[in-house]
1. List the number of the failed condition for E732; all other conditions in (1) touching a strand residue (DSSP E or B) at 6+ places or on another chain (Cβ under 7 Å); (2) over 21 Å from T617 (Cβ atoms) hold.
2. I'm trying to understand the selection: among the residues of segment 346-368, which are of a type in the set (A, V, I, L, M, F, W, C), in a loop (DSSP other than H, G, I, E, B), out of contact with any Pro (no Cβ under 7 Å at 6 or more places or on another chain) and surrounded by 19 or more Cβ atoms within 10 Å (Cβ to Cβ)?
3. For segment 557-565, check the following and say yes or no: at least one residue is at pLDDT below 60, surrounded by 12 or more Cβ atoms within 10 Å (Cβ to Cβ), of a type outside the set (K, R) and not in a helix (DSSP H, G or I).
4. For F952, all conditions in the list (1) loosely packed, with under 14 Cβ neighbours inside 10 Å; (2) touching a residue at least 40 places away in the same chain (Cβ under 8 Å) hold save one; what is the number of the exception?
5. When you scan segment 654-684, how many residues do you find that are over 13 Å from M781 (Cα atoms), open to solvent by 60 Å² or more (accessible area, probe 1.4 Å) and under 18 Å from the mean Cα position of the chain (by Cα)?
6. Within segment 926-978, can you find the residues that are under 33 Å from the mean Cα position of the chain (by Cα), of a type in the set (S, T, N, Q) and over 24 Å from A461 (Cβ atoms)?
7. Being at pLDDT 80 or above and either in contact with a Lys or Arg (Cβ under 6 Å, 6 or more places away or on another chain) or crowded, with 16+ Cβ neighbours inside 10 Å (or both) is the filter; apply it to segment 601-622 and report the residue that is nearest to E711 (Cα to Cα).
8. Could you list all residues from segment 724-750 that are surrounded by 13 or more Cβ atoms within 10 Å (Cβ to Cβ) and either over 18 Å from E633 (Cα atoms) or at pLDDT 85 or above (or both)?
Amino acid sequence: MALRRSSSSTWTESRGTGRGLIRVATALSESSSIHSDALYHLTRDVSVMGLDPLTSSIHKEQVWNEEAQSLLKVVSPAWSPKDNGEGLHFSDGRRKVDYVLVFHQRRHISVRSHASTSVSHDRLSIVSNGNFPPSLGSEGKGGGESVSIGEVFMELDSGGGNEAAEPADMHLIRQEFEANLLEAGLEIERDREVKAHGLSFTRLHAPWPVLCREAEFLKIKVPTKTRYELKEEGAFSSSVSSLWRKLKQPFQPKVPHQDHGATKFLTHCFSRDKLHLYNITSKETFFDNATRGRIVYEILRRTICARSCQTIGVTTLIAKGVYDAAFPLHDGDYNASGHPEERNDRQVLHEEWARYSAFYKYQPIDLVRKYFGEKIGLYFAWLGVYTQLLVPASIVGIIVFGYGVATVDTNIPSLEMCDERFNFTMCPLCDGACDFWQLSTACGTARASHLFDNPATVFFAIFMSLWAVLFLEHWKRRQISLSFSWDLTGIEEDEEHPRPKYETVLLQKRQRKQQKKKKKKKKNQPVKQEDGTVTEKDRWRRQLLSAVAAGRPAAIDKLTWKDRLTGYCINVSSILFMFGLTFSAVFGVIVYRITVSALMAMSPDPETKSNVRVTVTATAVIINLVVILILDEIYGAVAVWLTELEIPKTETNFEERLVLKAFLLKFMNAYAPIFYVAFFKGRFAGRPGRYVYVFNDYRMEECAPGGCLIELCIQLSIIMLGKQLIQNNIFEIGIPKLKKLVRTLKDKGGAEKEAEEERPPQQWNLDYALAPFEGLTPEYMEMIIQFGFVSLFVASFPLAPLFALLNNVIEIRLDAKKFVTELRRPVAARAKDIGIWYNILSGMGKFSVIINAFVISFTSDFIPRLVYQYMYSHTGTMHGFIDHTLSYFNVSNFKPGTAPHNSHHGDVTVCRYKDYREPPWSADAYQFSKQYWCVLAARLAFVILFQNLVMFLSLLVAWVIPDIPKTIVEQLKREKKLLVDVFLREEKDKFHLIQSLFAKDAPFPLPGRYSTLPQCPTQSLAGDSGAGGPRARCRAASFGSSSRNENSRHTAV
């Protein structure tokens, strides 16, 4: 219903039994809106009837009562008991529910009736916007009198019980806010309250004029009546495209009314002056539900509560607790029933998208965008592109892994390591308790290492670096294509209102300024003499200060860096502390590995001793995974808290700062253990006789005999798979289910009471029970961390793209199911791109080139093998490589107490260890040998060569592939030309209409076919009569006014 203040009113009061019912008959008016204070002043009308309103805020109540001369007019049809059964419309069954406001109804106002002392606490309930309850037969003088249009019920019903009364401020703020919504043109419906407490739902509907007005403000692009054919393909390309479409047909979702033809509607920003140009078949369906919800949200976002509280928008009111929630409704139940053509969009999405059985199908991206908006549509489109491009990366990774499997039996270094005839006696792995050991016992580790550390790994690293560039370039082209098909080209950023926290801090700052000004004004007040006069000096000083203040420009109230300085300091210190916490966790796991290795080496059980490395590595990685999962949740909450301390002005600023902090913390948390294994483990352990110790007792750990790459592979695989399985899937499935169970148990009592009333739950009840939408940051963050696993350390784990692909196939359907069935419908937000996430992806792609270069050169044995084969091998083969990489150590040089106590290898004089050092019989014993410096130089040269080669190829790929497809450029030019033709044709039609109107009255033809200033008939007549009076002035033709008159006919389409 729309309400507006009227100039006169009549009151008729009728009494009923048990509950006072007051009928307000209002005069009819032509308007359909209400002034912002129309609903506030109903309290005055109550006081006119002899009631004494009592609230906790006496001052506000008195002000409202003084100004309460208003009458309410209902312009919607009378209430009908008919209900559509789905809860998607008002009670009249015609007007859609575009948005819902939810709050907990309590005894929000106390009204004592002088006529009835039995009613001690009465509640004021307004039924508006055509939602008229059926009349009570026992009410008033005419018990059977029916309710007519133009009447509003104010129900004063007893709110007994011991419930804590709601603060009156909340009720007054809601009244003011909803009155302002009515003034903005929205129509409101609320259930008739029959209980003193519980959830209350306020439904909002935007009528056609409001939709048109806001669509013009928001510059929403809508289809016109003009259709044009897309660019025709050549004969060969057309046949190829037709064949490709036939091949893809089994994988396409079955979406009804999906247009894949060769034509497209020409679109233009909505304008009320050009309604006749648009393809308006029905006013009810011209703006879809997502667009209607977005329009209403824009009104809610900018609506002001100036009288009861200094706030702007529904977001601030939710933060203050005035409302519990605000959301648009889903399109009904998601379980399909009936004919497939009769399914709503939510049911189509559930059947064709949000089911695990549809994993092999393409996503219905256009329908996702239509239902959830461009921002969510772009996320799923990006996720789909990323998943599709993981297919070739997975295939190449499988080939690389298969190459390692096929060549493991012919790999000479692993064969030499496994050959017992070489009899390499290695130095002990710990002091005292550990014995000498044979290198052949590490045969399994060496063979497993070759599966990932082989010549094909270098090719795969180069391929994945180029793959990251191709992925970003392909996404840019896909994004441009979606922007064209979704009419996002040329959209402007919407102006954002400040966040509630920002407004609160800014208000506090203003109050402090006002207090300082009052103190300063009091201090600078001139001192009066005994006779009451002011001295000339003080008078002159006050005039000077007034002149200076008048000439100074008014400062714009905003928060500066000084206001945020405390938050910035806490941010820096907290982030540094979190970094320290992450490094401490990594160091703690290192200490665990060292101590457990030493303890297991002292065990008398030979089987325990033989499984030391496997046991310690596996348990340490599991501990790392648990720590990462725990710290991830902590860091997510800390990032939100730190961002709040910075007091960002808008939601966009808040989201960008939150993303940067969360990514920085979670990146360090996820990759710190992997960085340690890749670049630090075993490089600071020392050598026999001069080991580096932790806590003076435990030696630093060393890499496995097969190298650190196999340990890096184990670390990466377990962390990646564990995060995907536990955090990304179990948490996403289990936690929402648990939250829903808690909410169900909490609302069980209320549900039982509603069941007693035998009223089926409406759609707003079902949607309120769903979890609120909290943004796309967790979804993006999860995929960005996975992208790091796939790209950064892929040289050590070629199967990473395959596991990422398998995870994403499930992830798409899991996220789809969550959005369709478990979350409230989010507001359809516009977005041109994926925002800051693209910059993060681009940075990680460049960073992956450097990381993979260092992994290949320093972590793997690829460079040492090349150096040996081409510089030190006598036969040009890899025979003798193992012996070349092992140095000698004289056991007599052990420090006292560090040599093995009980050796089972007899009299050992020399043991071997993996390093490039001079032998003990050399003049420079145990110093780095020439081979070490040659290998180091080759490693650094490879890093430089690899990095520059891949960067050059990446730039070449980015240059070859244009960001905007050529077809899109041509279509954009064609659309602009067609729009110009449409508007020129319209102006020409207007001119012909004006010319014909003037021609009817003109005694001779108008000069010129395209003259926009025709001669005035009155002027020509005056000239013919020869009158000497003043010349009549001719008014120029106004196309705008003509178009407005034309549009008055088209509005009713």
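1. (1)
2. So in segment 346-368, the residues of a type in the set (A, V, I, L, M, F, W, C) come out as 348-349, 353-354, 358-359, 365, 367-368.
Going one step further and asking which of them are in a loop (DSSP other than H, G, I, E, B), we end up with 353-354, 359.
Restricting the remaining residues to those that are out of contact with any Pro (no Cβ under 7 Å at 6 or more places or on another chain) gives 354, 359.
Matches in segment 346-368: A354 only.
3. Residues of segment 557-565 that are at pLDDT below 60, as a first pass: none.
The answer is no, given that none of the residues of segment 557-565 is at pLDDT below 60, surrounded by 12 or more Cβ atoms within 10 Å (Cβ to Cβ), of a type outside the set (K, R) and not in a helix (DSSP H, G or I).
4. The number of the failed condition is (2).
5. Of the residues in segment 654-684, 1 are over 13 Å from M781 (Cα atoms), open to solvent by 60 Å² or more (accessible area, probe 1.4 Å) and under 18 Å from the mean Cα position of the chain (by Cα).
6. If the condition is that a residue be under 33 Å from the mean Cα position of the chain (by Cα), of a type in the set (S, T, N, Q) and over 24 Å from A461 (Cβ atoms), then T967, Q971 are the ones that fit.
7. Step one: filter segment 601-622 for residues at pLDDT 80 or above, giving 615-622.
Okay, now just the ones that are also either in contact with a Lys or Arg (Cβ under 6 Å, 6 or more places away or on another chain) or crowded, with 16+ Cβ neighbours inside 10 Å (or both), so 616-617, 620-621.
Working: V616: 11, T617: 8, A620: 11, V621: 10 Å.
Within segment 601-622, the match that is nearest to E711 (Cα to Cα) is T617.
8. K740, R743, D747, G750 - these are the residues of segment 724-750 that are surrounded by 13 or more Cβ atoms within 10 Å (Cβ to Cβ) and either over 18 Å from E633 (Cα atoms) or at pLDDT 85 or above (or both).
The values are calculated or read from the model by the stated rules, or taken from the named source; none is laboratory data. Remember, predicted model here, so these are calculated numbers, not experimental data. Note that each Cβ is placed from the backbone with ideal geometry, even for glycine, and that neighbours are counted across all protein chains shown. Remember, those area values only see protein heavy atoms, side chains included, never the ligands or the DNA or RNA. Shrake-Rupley method; radii C 1.70, N 1.55, O 1.52, S 1.80 Å.
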